[in-house]
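S.K.: I have a structure here, written as structure tokens, and I will follow up with some questions on it.
The values are calculated or read from the model by the stated rules, or taken from the named source; none is laboratory data. Please read these numbers as outputs of a predicted model, since none were measured by experiment. Quick reminder, even Gly has a Cβ in these numbers, built from the backbone with ideal geometry, and neighbours come from all protein chains shown. SASA here: full protein model, heavy atoms, side chains in, ligands and nucleic acids out. Shrake-Rupley method; radii C 1.70, N 1.55, O 1.52, S 1.80 Å.
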Amino acid sequence: PETIVEFEKRFGRYGLPKNCLSPSYGLAESSVGVAITTPGTPWRADRLDRERFTRSGEAVPAAPGDASPLLVIGCGTPIPGHDIRVVDAAGLELPDHHEGHLQFRGPSSTSGYYRNPEATRALFAGEWLNTGDRAYLSEGTLFITGREKDIIIRGGRNISPYELEQAVGDLAGIRRGCVAVFGSTDATTGTERVVVLAEMRDHDASRHADLKRMINEIAVSLIGAPADDIVLAPPGTIPKTSSGKIRRVAA
């Protein structure tokens, strides 16, 4: 949401029309398009009670004075002829404002993955296709909350890595876009350890203690507890896809 606000503010003075940006959702398995914010209509973002959402998956509005709400942007409504739904682990459809697994169906859907029958079987749930994304619906509008494989489960809370990665990347000395937050299974406790892997701009080890302290302060404000492990690494450490996305599982 902050990116859109800043973009509109900066280029509005040069004539960029208000509400010309349309947050949308798509994936290759649906020929890219699934949902879109109708061009010209105001985009929306929900301001949620972070604690309630991470513990129960309920998308409840944050109190007016909440210092650390969870912001989730709306990605519009399904394009004509397409349907979306959110289901629980048993495949039962969830009501509005409850996070779960996002599924879709429509005329643009793939028939499967090339020469990969195992992945194709996992993709389908009857006539519905599994996106691998987590989301909730609100009066027909889709709100994406994270990728299934990236969610960290610790102490009964579902933790999404994106906010923490962005905040750590804003610290002086850390390479922006080169931070990976992921879970590592702890066999002794039965939960996951939160690991922050961040690339440093230089090799000055004297700054490590200060950076780790600041990273933990950010973690406490965003996920309610410090990270279990912080690794400060040289440039080029974090694995990425060919398009530059962080490969958290590989990390």
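S.K.: For the stretch 75-99, enumerate the residues that are more than 22 Å from PRO1 (Cβ to Cβ) and part of a strand (DSSP E or B). Walk me through it before giving the result.
M.R.: Let us first name the residues in the stretch 75-99 that are more than 22 Å from PRO1 (Cβ to Cβ), namely 79-83, 85, 87-95.
Selection gives ASP83, ARG85, VAL87, GLU93.
S.K.: May I pose another question? Just need a number here: residues in the stretch 198-236 that are in contact with a Lys or Arg (Cβ under 9 Å, 6 or more places away or on another chain) and under 26 Å from THR185 (Cβ atoms).
M.R.: 11
S.K.: If the requirement is being of a type in the set (Asp, Glu), within 20 Å of GLU148 (Cα to Cα) and either part of a helix (DSSP H, G or I) or over 17 Å from the mean Cα position of the chain (by Cα) (or both), which of these qualifies: GLU192, GLU217, GLU199?
M.R.: Numbers: GLU217 fails: within 20 Å of GLU148 (Cα to Cα); GLU199 fails: within 20 Å of GLU148 (Cα to Cα).
Going through GLU192, GLU217, GLU199 in turn, just one is of a type in the set (Asp, Glu), within 20 Å of GLU148 (Cα to Cα) and either part of a helix (DSSP H, G or I) or over 17 Å from the mean Cα position of the chain (by Cα) (or both): GLU192.
S.K.: In addition: Examine the stretch 133-141 for a residue that is buried (at least 19 other Cβ atoms within 10 Å of the Cβ) and in a loop (DSSP other than H, G, I, E, B), and state whether such a residue exists.
M.R.: No, the conditions are met nowhere in the stretch 133-141.
S.K.: Only one of (1) over 18 Å from the mean Cα position of the chain (by Cα); (2) open to solvent by 80 Å² or more (accessible area, probe 1.4 Å) fails for ARG47. Which number is that?
M.R.: Going through the list (1) over 18 Å from the mean Cα position of the chain (by Cα); (2) open to solvent by 80 Å² or more (accessible area, probe 1.4 Å), ARG47 breaks only (1).
S.K.: So which of THR141, THR145 is under 14 Å from the mean Cα position of the chain (by Cα), farther than 16 Å from LYS245 by Cα and of a type in the set (Ser, Thr, Tyr)? Give the derivation first.
M.R.: Working: THR141 fails: under 14 Å from the mean Cα position of the chain (by Cα).
That would be THR145, the only listed residue that is under 14 Å from the mean Cα position of the chain (by Cα), farther than 16 Å from LYS245 by Cα and of a type in the set (Ser, Thr, Tyr).
S.K.: Could you tell me whether the stretch 51-74 includes any residue that is surrounded by 15 or more Cβ atoms within 10 Å (Cβ to Cβ), of a type in the set (Phe, Trp, Tyr) and in a strand (DSSP E or B)?
M.R.: Checked against the condition, which is being surrounded by 15 or more Cβ atoms within 10 Å (Cβ to Cβ), of a type in the set (Phe, Trp, Tyr) and in a strand (DSSP E or B), the stretch 51-74 yields no hits at all.
S.K.: Next up: Out of curiosity, is ARG176 open to solvent by 30 Å² or more (accessible area, probe 1.4 Å), within 22 Å of GLY91 (Cβ to Cβ) and free of Cβ contacts under 8 Å to residues at least 40 places away in the same chain? Give the steps one after another, and end with the answer.
M.R.: Details: open to solvent by 30 Å² or more (accessible area, probe 1.4 Å): yes; within 22 Å of GLY91 (Cβ to Cβ): no; free of Cβ contacts under 8 Å to residues at least 40 places away in the same chain: yes.
Considered against the rule, which asks whether it is open to solvent by 30 Å² or more (accessible area, probe 1.4 Å), within 22 Å of GLY91 (Cβ to Cβ) and free of Cβ contacts under 8 Å to residues at least 40 places away in the same chain, ARG176 comes out as no.
S.K.: What about THR131, is it under 19 Å from LYS245 (Cα atoms), in contact with a strand residue (DSSP E or B) (Cβ under 7 Å, 6 or more places away or on another chain) and touching a residue at least 60 places away in the same chain (Cβ under 8 Å)?
M.R.: Details: under 19 Å from LYS245 (Cα atoms): yes; in contact with a strand residue (DSSP E or B) (Cβ under 7 Å, 6 or more places away or on another chain): yes; touching a residue at least 60 places away in the same chain (Cβ under 8 Å): yes.
In short, yes.
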